């Protein structure tokens, strides 16, 4: 089986505005979504622990009839009966258990809030670093391309001088070497830009 190498298409140009990228990353990154869900769950759990201090009211009722009874008995129960009761449970004397559980839940909720804030700041830093690196790599593309054009022009001039007998083979060989170096530098710049752009997409949460 034969394989043929093809050029990888270049990514688009670098976005100019940084703040929208940070906003996109904070909204799109799955790790931030995880921290946000954990924060919401922690606050709901803290609210549930706080509700334990409220009284608990429960009610029970029953009704029915007696199919068999002694009709002549003076103490016979009524044929039909019903009853209801209400129970109120007030948590007062439990050794401060509910208060301690509520305090722990509040501390964990605050910790989850801080974890979310730290995660957002870390992602913002990653986006800024990735954006700076990809901007530098994009600017390097233009520099290496101009260097390659200059080396190509220098080779053409050296070739013409050599053809006219005005330059030595050393000058021509040096021009060819400079062009090769320029092409290598340009290829490295293209690879670096593709890599840095992929890093930026990962930081934004758009690389799946």
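The values are calculated or read from the model by the stated rules, or taken from the named source; none is laboratory data. All of these numbers come straight from a predicted model, not from anything done at the bench. Here Cβ is always computed from backbone atoms with ideal geometry, including for glycine, and neighbour counts include all displayed protein chains.
Quick look at the values:
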item: Residues (free of Cβ contacts under 8 Å to residues at least 60 places away in the same chain and within 16 Å of residue 142 (Cβ to Cβ)) located in segment 162-195; result: 182, 183, 185, 186, 187, 188, 189, 191, 192
item: Candidate set from segment 14-37 (those that are closer than 14 Å to residue 130 by Cα and not in a helix (DSSP H, G or I)); member that is nearest to the chain's Cα centre (by Cα); result: 18
item: Which listed residue is touching a helix residue (DSSP H, G or I) at 6+ places or on another chain (Cβ under 9 Å), closer than 30 Å to residue 23 by Cα and exposed (fewer than 12 other Cβ atoms within 10 Å of the Cβ), from 207, 116; result: 207
item: Unique residue being without any contact (Cβ under 8 Å) to a residue 24 or more places away in the chain, closer than 16 Å to residue 123 by Cβ and surrounded by 13 or more Cβ atoms within 10 Å (Cβ to Cβ) when the list is 33, 25; result: 33
item: Residue selected from segment 130-150 under the condition in contact with a helix residue (DSSP H, G or I) (Cβ under 9 Å, 6 or more places away or on another chain) and under 20 Å from residue 203 (Cα atoms), by the criterion surrounded by the fewest Cβ atoms within 10 Å (Cβ to Cβ); result: 136
item: Failed condition for residue 105, given (1) under 34 Å from the mean Cα position of the chain (by Cα); (2) more than 21 Å from residue 44 (Cα to Cα); (3) surrounded by 14 or more Cβ atoms within 10 Å (Cβ to Cβ); result: (2)
item: Condition met for residue 55 (touching a helix residue (DSSP H, G or I) at 6+ places or on another chain (Cβ under 7 Å) and at pLDDT below 85); result: no
item: Test: residue 68 is out of contact with any helix residue (DSSP H, G or I) (no Cβ under 9 Å at 6 or more places or on another chain), surrounded by 11 or more Cβ atoms within 10 Å (Cβ to Cβ) and either modelled with pLDDT of 90 or more or more than 30 Å from residue 196 (Cβ to Cβ) (or both); result: no
item: Filter pass, residue 185 being within 29 Å of residue 28 (Cα to Cα) and in contact with a helix residue (DSSP H, G or I) (Cβ under 9 Å, 6 or more places away or on another chain); result: no
